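Step one of this worksheet: look at the structure below.
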Amino acid sequence: MNLLENKNKEREPSNADHRLIGQQLDLFSINEEVGIGLVLWHPKGTIVRKIIRDFWEEEHLKNGYKLVCTPHIARGELWKISGHLDYYEENMYLFEKDEESYVVKPMNCPFHIQIYKSKPRSYKDLPIRYAEWGTVYRYERSGTLHGLLRVRGFTVDDAHIFCASEQIDEEILRILGFAEHILWKFGFHKYNVYLSTRDPKQPEKYMGSEENWKLAQKALAQALKTKGIAYREMPGETVFYGPKIDVNIIDASGREWQCSTIQFDFNLPKRFNINHIGPDGKEHEVIMIHRALLGAIERFFAILIEHYRGSLPVWLAPTQVTILPISDSYVQYAEQVREKLAAYGIRSEVDSSPSTISYKIRQAEVQKTPYMAICGKREAKSRKISVRKHGAGNIGLLTTKELIKNIKTECHR
Ligand SMILES: [Zn+2]
């Protein structure tokens, strides 16, 4: 799969810049001792990452994918077969051990192919869909690195689909519907879609049979039409091994970001010599589709926090409720509230600092916590909490149960 490009120009830092928000909200950092382009996810960033991943994995299991897990390094031999050592070496991290060469993986595809290849596959087994949050490393020139948008180590929400040629229409339609479902959940409803096809004047430039290219390009265009998705066709814009669809989301500031990619590959199945046994008992080719929905997680995370300017929706917020005792006397009550929220899976924190309540409220606003629960005399006496919602102000005196219900409803919206 191609490197995920950022088509927007380098910008001056603004208050919506993910690097600034990341620092203010203590989400992540990048440090020269570790290495530029390598991300350290802090506890608050990690919890958001986990929520995204848990959601993503559950949805994949519901939608017929199998989760897999593959190593971070592999023998040079593997990358020789895949062709990466010949065509992609300058972007790869290589090292030697016991006179054997190794590569830190720049892609997950060869591993998924090896799992497919681990036993004979019949037409009855197809389609096979392998999904993985696969962390890859690619060398990028230092001048091109930019916050989380352009890094050297990142995780792709990767999947590879292996199917028979008669299954591709159905598969592409499914992937497209699934991509929409996932992107909508994160609040992205607008996108520009590009269908990249081969240059009809130079068919010799491409791998794969005439028939497969026609089938694949037709399947991609047809799925977009069936879904009623407007798209722009880009003849000659695809890579040599297959046509593709790119879904570029448009964020709150109207900027365009490449996220989902659905890409046919007529090259790797040949290189690794994979196939399936058809109903006739003979070997038939297997069609391989690469697919990422969010793209690189680091990049997606940057887009997400810039889109929401740090105020993540409650289902994603690292801290959903900040509990604010008015004074030391109410810290114990605040702790009881925290325990109750935790029992229902709500992420909350108690601010037991000696600051004034107005200062604590300001701090929670700066941290963009969706809810604040204030605990004072009136609240402790009535066994309730005074609730403030970020951006909406005071919403009244609620029981902990009522607040939990509000949050759960909001999370499932
Ligand atoms: Zn791939």
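The values are calculated or read from the model by the stated rules, or taken from the named source; none is laboratory data. Please read all numbers here as calculations on a predicted model, not as lab measurements. Cβ sites come from the backbone with ideal geometry, for glycine too, and all protein chains shown count toward neighbours. Each accessible area value is taken on the protein alone, full model and side chains, heavy atoms only, with ligands, DNA and RNA left out. Shrake-Rupley method; radii C 1.70, N 1.55, O 1.52, S 1.80 Å.
This model, with +1 at the C-beta of Lys and Arg and -1 at the C-beta of Asp and Glu, gives the stretch 326-413 a dipole about its Cα centre of some 320 debye. Given +1 at the Cβ of Lys and Arg, -1 at the Cβ of Asp and Glu and no other charges, the dipole of the chain around its Cα centre is 1800 debye to the nearest 20.
From the P(r) of the chain, could you give the percentage of C-alpha pairs in the tail past 26 Å?
Working: 51129 of 85078 pairs.
I get 60 percent for the Cα pairs in the chain exceeding 26 Å.
Coupling constants for the stretch 135-142 follow from the phi torsions by the Karplus curve (6.51 cos²θ - 1.76 cosθ + 1.60, θ = phi - 60°), and in residue order they are 8, 10, 10, 9, 6, 10, 4, 4 Hz; glycine and proline get x. Applying 1/(1 + (r/R0)^6) with R0 = 41 Å to the Cβ-Cβ distance of E410 and E32, what FRET efficiency is obtained, to the nearest 0.05? The calculated FRET efficiency here is 0.55.
If one takes the longest principal axis of the Cα atoms in the chain, at what angle in degrees, from 0 to 90 and to the nearest 10, does the Cα axis of helix 43-62 lie? Once rounded, the angle reads 50 degrees. Computed from Cα positions, the angle between helix 400-411 and the longest principal axis of the chain comes to roughly 30 degrees.
Annotation for the stretch 366-413 versus the stretch 92-135: alpha-carbon center distance of 48 Å. Applied to the stretch 382-388, the Karplus parametrisation 6.51 cos²θ - 1.76 cosθ + 1.60 on θ = phi - 60° returns per-residue 3J(HN,Hα) values of 8, 6, 10, 9, 8, 9, 10 Hz, with x for Gly and Pro. Axis angle, to the nearest 10 degrees, between helix 331-343 and the longest C-alpha principal axis of the chain: 30 degrees. Within the listed set P279, P235, P203, the residue fluctuating most in the Gaussian network model of the chain (springs between alpha-carbon atoms under 10 angstrom) is P279.
Relative to its residue count, the stretch 9-134 spans a Cα convex hull of 191 Å³ per residue. In the full protein context, the stretch 47-161 carries 48 Å² of accessible surface per residue, based on a 1.4 Å probe and ignoring ligands, DNA and RNA. All Cα-Cα distances of the stretch 303-363, cut into 10 Å bins from zero to the largest, leave 22, 41, 30, 7, 0 percent in each bin in turn. Our Cα-only numbers for the stretch 71-124 put the radius of gyration and Dmax at 12.8, 42 Å.
If you keep only loop residues by DSSP, which GluC sites (Glu not before Pro) in the stretch 37-104 have at most 10 other Cβ atoms within 10 Å of their Cβ? Numbers along the way, then the final one.
Values: sites: E57, E58, E59, E77, E89, E90, E96, E99, E100; in loops: E99.
Sites meeting the loop and neighbour criteria: E99.
Only lysines eight or more places from K44 in sequence, or on another chain, were considered; those with a Cα closer than 17 Å are K368.
Whole-Hz Karplus values for the stretch 162-174 come out as 10, 8, 8, 4, 6, 9, 5, 4, 4, 5, 5, 4, 5 Hz, taken residue by residue from phi with 6.51 cos²θ - 1.76 cosθ + 1.60 and θ = phi - 60°; glycine and proline positions read x. Remark on F28: its backbone amide H falls under 5 Å from those of H42, a criterion applied only to residues 5 or more positions apart or on other chains, H modelled at 1.01 Å from N. Filter the cross-link list K190/K225; K117/K205; K97/K270; K80/K218; K218/K282 down to pairs whose alpha-carbon distance in this structure exceeds 24 Å. Beyond 24 Å: K117/K205; K97/K270; K80/K218; K218/K282.
One chain, two ends: E210 and E90. Fully extended at 0.36 nm per residue, the span grows by 40.0 nm beyond their Cα-Cα distance. Taking amide H atoms as placed 1.01 Å from N in the peptide plane, the amide H of C259 lies under 5 Å from those of V247, N248, I249, each 5 or more residues away in sequence or on another chain.
Please give me the summed charge of the neighbours of T399: other residues whose Cβ is under 12 Å from its Cβ, Lys and Arg +1, Asp and Glu -1. Working shown, then result.
Working: positive: K340, R383, K384, K401, K405; negative: E379, E402.
Neighbour charge sum, excluding T399 itself: +3.
For the stretch 168-292, the Cβ-based charge dipole about the Cα centre amounts to some 280 debye (Lys, Arg positive; Asp, Glu negative; other atoms uncharged).
Taking the charge dipole of the chain about its Cα centre, with +1 at Lys and Arg Cβ atoms and -1 at Asp and Glu Cβ atoms, the residue from L176, A216, A131 reaching farthest to the positive side is L176.
For the stretch 269-388, the convex hull drawn through the C-alpha positions has a volume of 177 cubic angstrom per residue.
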